Each structure stands twice: as C-alpha cells, then as structure tokens.
Amino acid sequence: TEGMIRVPRGKFLMGDVNRTVSLEEFEIDIYPVTNRQYKRFLDAVGYAHMPEHWRDGTYLPERTDHPIVNVNILDAEAYASWLGKRLPTEAEWEKAARGPNGRIFPWGNAFNQFNCNSRDLGLRSTTEVTQFPNGASQYGCFDMAGNAWEWTTSNVFPENAEAKVIRGGSWANSRQEVRTTNRAYERSERRRRDVGFRCARNVISKGE
C-alpha cells in the first residue's frame, strides 16, 4: 500500500461543467493512507490523538489495510509533513481521479457497483484499499470513489478557511455521490468515521 503516482503537467476537465484547468506536474499516493501506515506515524512521533475507532488505544489488526478515518485535517497534515509530503488540492485530487478526459468515475463513465465501496455494495464499513483494482483511475490511483471521503486543502468558501473540501464519497454514499466531480465539505477540526486522506507532493525538477 506504499508508493506514489506521477501525474503529468497539463490540462484536464474539472467539475460538472467540465471547465479546463491547468496544473503543474505532481505526485499523489496510489492508495489512501491506511491504519497500518498511520499507526507507524503515531508510534514514531508520539502524536497525541489516537483515532476514535482504535477503542481504548487498541489497534484492530483485521483492519490494518483499511483507510485511516476519524482524522481531522490537522492530523492528516501532521502525517503528511512527517513524510515530507502534503495534502492535495481539490484540483489535484480530481485530476488524479478523472484523468485528462473528464471521466465520471475513476474507471470510466458507466457506474459499476463492483468497482468501488459505495452504498450500492451494502458493506456499511471500510474495505482494504487494494480491494478494487478494477476501480483504479487512468493514472493508477485506487479508491478514489467510495470507501472513505478524502481531505483536500481547498476552501469551499473564500471567507471561511475552516470549511475544507472533501472528495470521493464513502461506503455510505450513493453512486451519484461517488462521482469524480462530486464535492462536499467539512470543518477542519472535525473527525468522522467516513473521512480519511491521501498525500501528494510537488515534483522537484532536476535543475533545482
């Protein structure tokens, strides 16, 4: 569940209106950050907040490769900076999910309930991040539809820095809500059992 994908610089179609947006090259995690990875971070840095679903500080071994949830944006940013990474912007997240040609779902334009962990599958909980290879995006990112919402650094309302955009939908969401263009928002400090994250980073050119 390690590794990053390089997304080349250039244009892509963004949002329900398919407006053309240009982005520099960047890298993004292939998978959402897992419980196993997050525990490594907690153990290494002695981070103060233990996720709520690790009851009484106990860690659930059967869910080691499920996405970490119950983390707010500060928790996610602390993890990312520990690895020399950052959280993606909303535009970066969407390009990695849609590809350059504006796919409605990461795998294509037709919904397939067996390609992602959405409400249609009826599992009512997270799944391993590797479980849906047929749901990977054109660039090779897994789990960008369903399983857990993911934090981005983008603000929803310019006047309110506390409301951050979350993307991707979760196990509790309908096929409409796991589309690559669907957006929701959450307060930065909030921790939810259906919101996690993946990391991104800038690509340093050889001349720098």
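The values are calculated or read from the model by the stated rules, or taken from the named source; none is laboratory data. Nothing here was measured: the structure is a model prediction, and the numbers come from that model. Positions of Cβ are backbone-derived with ideal geometry, glycine not excepted, and every protein chain shown enters the neighbour counts. SASA here: full protein model, heavy atoms, side chains in, ligands and nucleic acids out. Shrake-Rupley method; radii C 1.70, N 1.55, O 1.52, S 1.80 Å.
Let me test this: with uniform point scatterers at the alpha carbons of region 4-116, what is the Debye-based log₁₀ I(q)/I(0) at q = 0.09, 0.12, 0.17 1/Å?
-0.32, -0.55, -0.93
Evaluate the relative contact order of region 149-202 (contact order divided by residue number), counting alpha-carbon pairs under 8 angstrom at least 6 apart; express in whole percent. Spell out each step's value before the answer.
Details: 84 pairs, mean separation 20.7, N = 54.
About 38 percent, as a whole number.
If packing is taken as the average count of other Cβ atoms within 10 Å, what order do 103-114, 177-188, 13-24 fall into, highest mean first?
Values: 103-114: 16.1, 177-188: 19.0, 13-24: 13.0.
Top of the packing list down: 177-188, 103-114, 13-24.
Where only protein heavy atoms count, and the probe is 1.4 Å, what is the accessible area per residue for the chain in Å²? Kindly include the intermediate steps, with their values, before the conclusion.
Working: 9800 Å² over 208 residues.
Per residue, the chain has an accessible area of 47 Å².
List the residues whose amide H sits under 5 Å from the amide H of GLY146, counting only those 5 or more places along or on another chain, with H placed 1.01 Å from N in the peptide plane.
So GLY146 has HN proximity to GLY169, SER170.
Under the Kirkwood approximation applied to all pairs of distinct alpha-carbon atoms, what is the hydrodynamic radius of region 55-135 in Å? Intermediate values should be presented prior to the final figure.
Values: mean 1/r = 0.0656 Å⁻¹.
Hydrodynamic radius (Kirkwood, Cα pairs) of region 55-135 is 15.2 Å.
Hey, could you get me the Stokes-Einstein D for region 157-197, Kirkwood radius over alpha-carbon pairs, 37 °C and 0.692 mPa s, rounded to whole µm² s⁻¹? All intermediate terms of the calculation are to be shown ahead of the outcome.
Values: Rh = 11.1 Å.
It comes out at roughly 296 µm²/s.
Please list log₁₀ I(q)/I(0) at q = 0.13, 0.21 Å⁻¹ for region 110-157, using the Debye equation with identical point scatterers on the alpha-carbon positions.
Debye intensities relative to I(0), on a log10 scale: -0.33, -0.74.
Averaging over every viewing direction, what projected area does the convex hull of the Cα atoms of region 112-208 cover, in nm²? Please report the intermediate quantities before stating the final value.
Numbers: hull surface 31.9 nm².
Spelled out: convex hull of the Cα atoms, projected over all directions, averaged, 8.0 nm².
Convert each backbone phi in region 106-120 into a coupling constant with the Karplus relation 6.51 cos²θ - 1.76 cosθ + 1.60 (shift: θ = phi - 60°), then list the ³J(HN,Hα) values in order as whole Hz, x for Gly and Pro.
x, 8, x, 9, 9, 5, 9, 5, 8, 9, 7, 9, 10, 4, 4
Principal axis lengths of the chain from Cα atoms, whole Å, largest first?
Reported extents, whole Å, longest axis first: 47, 46, 35.
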